[in-house]
Amino acid sequence: MANNNQETAPIVKSDLIIALSEKVSLPFKDVEMAVNQILDCMSTALSNGLRIEIRSFGSFRLNYCPPRRAHNPKTGEKVATIDKYRPHFKPGKELRERVNTAFLEDTEVEEVV
């Protein structure tokens with residue numbers, strides 16, 4: 001397990017597809033199509049304002065960000081931003097516990113060494 005002090009390479013979609021393909025013994029193209037369909041369905045649901053909940057993993061919803069007055073830090077120029085919606089992920093209880101357990105166990109081992 002990587003601890004929170006180490007930089008690790010992110011897992012990109014192709015890495016996820018390869019790992020799933022090996023785990024379930026299905027061809028890469030089939031797994032790729034399934035992953036793309038899942039992500040497309042999730043994107044469509046969020047675009048339609050729906051909330052997505054995956055038990056034990058987490059939920060996705062939209063956060064409304066109202067317009068505000070900001071400034072360009074380089075020039076100091078005042079800028080008005082437009083209102084927008086941003087996707088927000090809230091991890092589920094099981095995911096939070098699993099991540100915390102993994103990181104806490106990893107940290108304890110390093111402190112002892």
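Fewest to most neighbouring Cβ within 10 Å: what's the order for Asp30, Asp83?
Taking fewest neighbouring Cβ atoms as first place, the list is Asp83, Asp30.
Rounded to whole Å and ordered largest first, report the semi-axes of the equivalent ellipsoid of the chain derived from its Cα gyration tensor (root of 5λ).
For the chain, the ellipsoid semi-axes come out as 32, 26, 16 Å.
At a threshold of 8 angstrom on Cα-Cα distance, excluding pairs fewer than six apart, so keeping six or more, what relative contact order does the chain reach in percent?
23
What ranking of Glu77, Glu105 emerges when the number of other C-beta atoms within 10 Å of each C-beta is taken as an exposure proxy, fewest first?
Listed from fewest to most nearby Cβ atoms, that is Glu77, Glu105.
Under a straight-distance cross-link criterion of Cα-Cα below 27 Å, which lysines are reachable from Lys13, leaving out those fewer than 8 residues away in the same chain?
Hits, sequence-local ones excluded: Lys23, Lys29, Lys84, Lys90, Lys93.
What is the local net charge at Asn36, summed over the other residues whose Cβ is closer than 13 Å to its Cβ (Lys, Arg +1; Asp, Glu -1)?
Once all neighbours under 13 Å are counted, the net charge is -1.
Helix 93-112 versus the longest principal axis of the chain: what angle, 0 to 90°, nearest 10, using Cα atoms?
The angle comes out at about 70 degrees.
Excluding Ser47 itself, what net charge comes from residues whose Cβ is under 15 Å from its Cβ, given Lys and Arg +1 and Asp and Glu -1?
+3
If one takes the longest principal axis of the Cα atoms in the chain, at what angle in degrees, from 0 to 90 and to the nearest 10, does the Cα axis of helix 28-47 lie?
Computed tilt is about 30 degrees.
Round to the nearest 10 and give me the degree value, 0 to 90, for the angle of helix 13-24's Cα axis relative to the longest principal axis of the chain.
Approximately 30 degrees, to the nearest 10.
Quick one: length gained pulling Ala102 to Met42 fully straight, 0.36 nm per residue minus the C-alpha distance?
The Ala102-Met42 span can extend by a further 18.8 nm.
So, counting K/R as plus one and D/E as minus one, what does the shell of residues with Cβ under 13 Å around Tyr85 add up to?
+3
7 Å from Cα along Cα→Cβ at both Leu62 and Val79: what's the point-to-point distance in nm?
Label at Leu62, label at Val79, 2.3 nm between them.
No value in this document is a laboratory result; all are computed from the given coordinates. Every value quoted in this text rests on a predicted model; they were computed, and no experiment measured them. No Cβ is skipped: glycine too gets one built from the backbone with ideal geometry, and neighbour counts run over all protein chains shown.
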